[in-house]
1. Considering segment 60-77 alone, what residues qualify as being in contact with a Pro (Cβ under 8 Å, 6 or more places away or on another chain) and outside any helix (DSSP H, G or I)?
2. Are any residues in segment 115-131 surrounded by fewer than 22 Cβ atoms within 10 Å (Cβ to Cβ) and touching a helix residue (DSSP H, G or I) at 6+ places or on another chain (Cβ under 8 Å), and if so, which ones?
3. I'd like to verify a number: residues in segment 52-88 that are touching a Leu at 6+ places or on another chain (Cβ under 8 Å), within 19 Å of residue 18 (Cα to Cα), surrounded by fewer than 23 Cβ atoms within 10 Å (Cβ to Cβ) and of a type in the set (Val, Ile, Thr), how many?
4. Considering only residues that are under 20 Å from residue 299 (Cα atoms) and among the aliphatic types (A, V, I, L, M), look in segment 224-246 and name the one that is surrounded by the fewest Cβ atoms within 10 Å (Cβ to Cβ).
5. Within segment 115-136, how many residues turn out to be out of contact with any His (no Cβ under 6 Å at 6 or more places or on another chain), of a type in the set (A, V, I, L, M) and outside any loop (DSSP other than H, G, I, E, B)?
6. Kindly evaluate residue 427 against the criterion of being in a loop (DSSP other than H, G, I, E, B) and surrounded by fewer than 17 Cβ atoms within 10 Å (Cβ to Cβ).
7. Going by what's in this entry, would residue 78 be described as closer than 27 Å to residue 361 by Cβ and of a type in the set (A, V, I, L, M)?
8. Quick check, is residue 45 part of a strand (DSSP E or B), farther than 25 Å from residue 452 by Cα and among the basic types (Lys, Arg)?
Amino acid sequence: MECISVFDMLKIGIGPSSSHTLGPWRAAERWITHLKTNNQFDTVKQITVHIYGSLSLTGKGHATDYAIMLGLSGADPVEIPVDDIHLIVADIKQTKKIRFGNEKSIAFDPQEHLIFHKKFLPFHANGLKFEATFQNGSKKTKTYYSIGGGFVVVEDRKNAKKKIEVFNTFPFPIQNGNELLAFCAHEKKSISEIVLQNELSLRNSKEIDHQLKHIWNTMLECMYIGCHTEGNLPGGLNVRRRAFDMHKNLMLTANAYTGPENWLQTIRQTEVKFRQILKWVSCFALSVNEVNASLGRVVTAPTNGSAGVIPAVLMYYLVIENHNADFEHIKKFLLVAGEIGSIFKKGATISAAMGGCQAEIGVSSAMAAGALTELLGGSPEQVLMAAEIAMEHHLGLTCDPIGGLVQIPCIERNSMGAIKAINAAELALDSNPADAKVPLDKVVQTMWETAKDMNSKYKETSEGGLAVGVFLSDC
């Protein structure tokens, strides 16, 4: 059974896409490691990267070319200063050389050595093949697949059985919602407590808290940056940032603040009428995805394209529902959200290239709805009911980014997903799960069936829907 940690579902990286940016970036890193493991790195003379399917069709808009070059350069998406991204890429384009693995200089012309193929590889819609030419003239290739949420795999059926046999398992191995509820009932624990026990089998309590704080601080900083940055987003659509103006209008207090934490406390002093609440949640979600669209640092939750939903809903809890909330509340929220996301990944997909936007905004909304429900006192059954309600009303949502950019309609969809998550949590809290007609596992299965039936032009290819209905010249 696949064991997916909360830190697999919530990764820190650079926007705008976990599958098209973070995944190729990580694939390049893995390829370098592969070459070094086989004692071939030092003899590499030339590099060529072939990009296929959805990665190719919307790769330029998702900065796939940037990600590959940065990965080949040895830059770390978690630590790289955001301002260095354009400098590194500009230097490669100008000098036509790349600092391979940050160790040796190799001739590299992006126009020649990054090749975009429209055809799809059979294993997955997001494929990329790295090709190395060695000093003796021989060549070697290796193909990776970016399957959503920054996850990268290789097609290795030959050794699949062996890998499964030696794979470590959690103390509470969970494949679906029913198994999660069974563990909760047997152990008399909440969902967050069960998930924490699984995480403790991988790392100690101090490490878990440190990483979760890092994730939350990245989310908070991302919202802070987004709410304090004005202007237009890059990419050619001339999309104006809206979080800045929304935030300015919502901040009725004249009190000065410094930094994200003090900012959060200041927001708690603002009006909390229904319209203001809606606007605050939307503002938080928009701010994250505007940062994401401008190659900023975000947390995949579970993807970059849906990165705004979970922090927006968590902020809603912190600034509206519970002013006394502390890190323990944040910790529970992230643990529950990560587990719900892993159930969707195991039973369906979190890749828009495979399942449309239901796999991204739909899953993130379900994750946030379930996590909020536990913080508001819901039972494990109500938590899964909230996740089911949120996904049920995203089923069939297509992925049709205009211009191949994660801007229209993607940014607004994060706002809608966050609002739906809060509504789903309230519906679940006022319901008896015993009366529910659709369990979470059924909606996961239905989402996967819907994904398989969905026409490929609605799966992050920009070949259908709004992507062809709105002309770039109109923007």
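1. 61, 62, 63
2. Once the filter is applied, which keeps residues that are surrounded by fewer than 22 Cβ atoms within 10 Å (Cβ to Cβ) and touching a helix residue (DSSP H, G or I) at 6+ places or on another chain (Cβ under 8 Å), segment 115-131 yields 116, 117, 118, 119, 120, 121.
3. The qualifying residues number 3.
4. Here the answer is 225.
5. Summing the residues that are out of contact with any His (no Cβ under 6 Å at 6 or more places or on another chain), of a type in the set (A, V, I, L, M) and outside any loop (DSSP other than H, G, I, E, B) in segment 115-136 gives 2.
6. Here the answer is no, as residue 427 does not meet what is asked.
7. When the stated conditions are applied, residue 78 passes them.
8. yes
The values are calculated or read from the model by the stated rules, or taken from the named source; none is laboratory data. Keep in mind that what you see is a predicted model, and the values were worked out from it rather than measured. As a convention, Cβ positions derive from the backbone with ideal geometry for all residues, glycine included, and neighbour counts pool all protein chains shown. For accessibility, only protein heavy atoms count, side chains too; no ligands or nucleic acids. Shrake-Rupley method; radii C 1.70, N 1.55, O 1.52, S 1.80 Å.
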